[in-house]
Amino acid sequence: MKSPLLSLPGAVPAEGPDEGVAAHYGDLFREQRELAAGRAFADLSHRGVVTVTGPDRLSWLHLLVTQHVSELPPQQAVEALILSPHGHVEHALYLVDDGTTTWAHVEPGTQGALIEYLERMKFMYRVEIADATEQFAVVHLPAGNPAAATAAAAVRELPWGRDLFLPRAELAALTEEFGSPAGVWAYEALRIEAHRPRLGFETDHRTIPHEVDWLRTAVHLNKGCYRGQETVARVHNLGRPPRRLVFLHLDGTEETLPPHGTELRPAGDPQGRPVGFVTSSARHYELGPIALALVKRNTPVDAVLLAGTVPGTQEVVVAP
């Protein structure tokens, strides 16, 4: 979905997974500062939007996802995952229920596969699943942004702001009251700073929730069975995850950022075996170059790591 905000002055289109919205509007660090201060908004209208209606929607979703949602109060935002039978992360859902409809936004382009899976699991439950991406767009207002959200069909209230589900046809007009626009690069820099994982960036085909700190935010450890629950319980109670998420403070003298997938090696053994890889990287308006990475669990927390040729010091996210 191509955002109408790409027609704003200075808009530079994003590429790759974030294609369809602006990477920036000409001043990356100013956009970050304005977003952090609550004077801007982030256009996330490229994300997929899925709705579930029907009287059984919450009790049915409760059987499928990692989060406890059977008694989810209206307007309470939660994160939830759908796992493979072996406990690997397949989908990440950012949910809110308004009393009649459960709304979720998901990674761009993943809504089709998610809906296909949900349709297979309907059985006799009274639920209706819809792809609402063409009708609704997601916009993020950071904490402190005083703009009203009266036109939003649903709102996810978060400690760091609000995710709004807005009518897509009115997106350009509705965002005029939200302050200045910030590109997805600014939003991503603040996400990385906050250590929040993102599906397809901090995850691969074998990621389990424990590795990327989703055990804390997206998994309820005391709910009943769901697909992959055995792996979650076994690793939580009897073992440790094989990898762990770390935050990296990168050397600011390098001109280029290490892209997703860049191998990490100990600075003391630059020709040795990789101990992990960069998952996301950004230039932060205060911290300079930063990144998230997945490393082997037994990698010393004080080891300086080389992302290609760029040195980085670790900050623990998931304890070894």
Yes/no for VAL317 being under 22 Å from SER84 (Cα atoms) and open to solvent by less than 40 Å² (accessible area, probe 1.4 Å): no
Options GLY261, GLY200, GLY268, GLY224: the member that is part of a loop (DSSP other than H, G, I, E, B) and over 29 Å from THR309 (Cβ atoms): GLY224
Scope the stretch 278-309; condition open to solvent by 40 Å² or more (accessible area, probe 1.4 Å) and either without any contact (Cβ under 8 Å) to a residue 12 or more places away in the chain or not small (Gly, Ala, Ser) (or both); matching residues: ARG283, TYR285, GLU286, LEU287, LYS296, ARG297, ASN298, PRO300, VAL301, ASP302, VAL304, THR309
Pair list, Cβ under 8 Å, 6 or more apart: the stretch 74-99 residue over 16 Å from VAL219 (Cα atoms), other residue in a strand (DSSP E or B): PRO74/ASP97; GLN75/VAL96; GLN75/ASP97; GLN75/VAL155; GLN75/GLU157; ASP97/TRP103; ASP98/ALA154
Only one of ILE129, ILE115 that is among the β-branched types (Val, Ile, Thr), modelled with pLDDT of 95 or more and not in a strand (DSSP E or B): ILE115
Scan of the stretch 266-277 for residues that are over 13 Å from ARG243 (Cα atoms) and either open to solvent by 60 Å² or more (accessible area, probe 1.4 Å) or in contact with a Ser or Thr (Cβ under 7 Å, 6 or more places away or on another chain) (or both), ordered by number: GLY268, ASP269, PRO270, GLN271, ARG273
Number of the condition not met by ASN145 [criteria: (1) outside the structural domain of PHE29 (by the TED database); (2) closer than 28 Å to ILE290 by Cα; (3) among the polar types (S, T, N, Q)]: (1)
Test set (1) β-branched (Val, Ile, Thr); (2) touching a residue at least 24 places away in the same chain (Cβ under 8 Å); (3) more than 22 Å from VAL12 (Cα to Cα) - THR150 fails condition number: (2)
Residues (over 23 Å from the mean Cα position of the chain (by Cα) and over 15 Å from TYR187 (Cβ atoms)) located in the stretch 1-27: SER7, LEU8, PRO9, GLY10, GLY26
Residue list for the stretch 237-250, filter: open to solvent by 40 Å² or more (accessible area, probe 1.4 Å) and modelled with pLDDT of 95 or more: PRO242, HIS249
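Can you tell me which residue among GLU157, GLU188, GLU170, GLU177 is part of a strand (DSSP E or B), open to solvent by 10 Å² or more (accessible area, probe 1.4 Å), out of contact with any Phe, Trp or Tyr (no Cβ under 8 Å at 6 or more places or on another chain) and in the same structural domain as GLU19 (by the TED database)?
None of the others qualify; the one that does is GLU157.
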Qualifying position, being of a type outside the set (Phe, Trp, Tyr) and touching a helix residue (DSSP H, G or I) at 6+ places or on another chain (Cβ under 8 Å), among ALA293, ALA282: ALA282
Of residues in the stretch 198-234 being over 17 Å from GLU90 (Cβ atoms) and of a type in the set (A, V, I, L, M), the one least open to solvent (accessible area, probe 1.4 Å): ALA233
Sole exception among (1) aromatic (Phe, Trp, Tyr); (2) buried (at least 20 other Cβ atoms within 10 Å of the Cβ); (3) free of Cβ contacts under 8 Å to residues at least 12 places away in the same chain for PHE123, by number: (2)
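The values are calculated or read from the model by the stated rules, or taken from the named source; none is laboratory data. Quick caveat, the model's predicted, so the values are computed rather than measured. Neighbour counts are summed over all protein chains in view; Cβ atoms, including those assigned to glycine, are modelled from backbone coordinates with ideal geometry. With ligands, DNA and RNA removed, areas are computed over all heavy atoms of the protein, side chains included. Shrake-Rupley method; radii C 1.70, N 1.55, O 1.52, S 1.80 Å.
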